[in-house]
Amino acid sequence: MKVAVYGFGNQTYYRDVLKVSENLGGEPPYGGSRMALEFAKAGHEVFLADPRMDTIKPEFKQKLLDAGVKLTTDDVEAAEGADVAVLFTPFRSGLTVKIAEKIIPHLGKDAVIATTCTMPVLVLETSVRNVLFMEDREDVGFSTLHPAAIPGTPQHTHYFIATNELLEEEIVKPHQIEKLKKLAEDTGKEAYLIPAELISPIGDMGVVATASAAISALEYYAISKSVLKTTKAMTEFQLAQAFQVVSSIIAKYGIEGLVKFLNAEALKKSLKSMLFDEKVQKVAFAAMNSLENVSDIEEIVGSLEDMASKFEPEEKTFLSAPSPMLISYMEELAGEDVTRGVVREALKKLYHGENN
């Protein structure tokens, strides 16, 4: 296959900020360039495009050239006839969409564009629909080749590939998923097929929160069933409401808002009344221990009391309704097409903002 990779990877960030070699192992180059190198070593024709190629260390570029990777600053050159285009480009940036729009006319038939840790693939696919229509390229599919680790480190043993499961509209064909699966497996990596909606929560850095939330939900369900004897529907609603409110506070007011509104002392007293079984409620007991030892966190972030006292919300917002339920009611009131259109445009605005 011809594979076009976009984005070398910020080697300075990996070296000076994350200190990847010391903390995680492996050797540079890391990121998109490492993916390109491994694809080439697996026998594929690989182009790596980056506008700042002249700033990359010569020894890194030589490693890629020795493996057979063709280096270019021309996005279109890399895309010509490509079967797979991998976007290892900045997170929450219009650049990712601009590259996709530029290369779509030049990709091979039935090509697939794969995001990595850049933006949710659903946002990208929505953002370029007009280009797909105008260029008569509805054959192009959208998925992910998410490394869910830093490529080039020993931890990178897998790729997450987005599927249509949970989606109302298909964004990728089965044979396009097979292309990505083969590409991953050719490099000795395990390919996990994951619903597109879950790629970011599971694959990105927020997985530490996703994992904690998921196991705490199962813990609460177990206690609800064995001790509290509440109905499954009530348990699920309470869980959805709790997660929705916390995520909404963070989205609207940031970490300062979370500290302001979720009083640590109040949390401790309430949580203590829900601790029934230490063997089952490992996350809940760990949360209590963390609340009682919050000074460990304060050593890094500063005084939570000061943080809370300095924060005042500029405007109010709705927090309580679990989002799928809220959307279903919106559909009843405004119609499915209007609601979907609003949600799509809101997602585009969210991810086309500043570089993060």
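The values are calculated or read from the model by the stated rules, or taken from the named source; none is laboratory data. As the structure is a prediction and not an experimental result, all values here were calculated from the model. Cβ placement follows ideal geometry from the backbone for every residue including glycine, while neighbour counts extend to all protein chains displayed. Areas reflect the complete protein model, heavy atoms only, side chains present, ligands, DNA and RNA absent. Shrake-Rupley method; radii C 1.70, N 1.55, O 1.52, S 1.80 Å.
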Quiz item: What residue, among those in the stretch 11-27 that are open to solvent by 40 Å² or more (accessible area, probe 1.4 Å) and touching a residue at least 24 places away in the same chain (Cβ under 8 Å), is farthest from residue 157 (Cα to Cα)?
Solution: 18
Exercise. Go through the residues of the stretch 286-295 one by one and say whether even a single one is charged (D, E, K, R), surrounded by 13 or more Cβ atoms within 10 Å (Cβ to Cβ) and without any contact (Cβ under 8 Å) to a residue 60 or more places away in the chain.
Key: no
Quiz prompt | Residue ID - modelled with the lowest pLDDT, chosen from residues in the stretch 324-339 that are closer than 22 Å to residue 246 by Cα and surrounded by 11 or more Cβ atoms within 10 Å (Cβ to Cβ) | solution = 325
Quiz prompt | Among the residues listed as 287, 321, 346, the single one being under 28 Å from the mean Cα position of the chain (by Cα) and modelled with pLDDT of 90 or more | solution = 287
Exercise. Can you tell me which residue within the stretch 121-138, out of those that are outside any helix (DSSP H, G or I) and closer than 20 Å to residue 179 by Cα, is most open to solvent (accessible area, probe 1.4 Å)?
Key: 138
Exercise. Sort out which residues of the stretch 28-64 are open to solvent by 10 Å² or more (accessible area, probe 1.4 Å) and on the phi > 0 side of the Ramachandran plot, and write them in order of number.
Key: 43
Practice problem: Confirm whether residue 260 is in a helix (DSSP H, G or I), surrounded by 13 or more Cβ atoms within 10 Å (Cβ to Cβ) and basic (Lys, Arg). | Solution: yes
Exercise. Could you list, in sequence order, all residues of the stretch 65-120 that are open to solvent by less than 30 Å² (accessible area, probe 1.4 Å) and under 18 Å from residue 29 (Cα atoms)?
Key: 67, 69, 72, 86, 87, 88, 89, 116
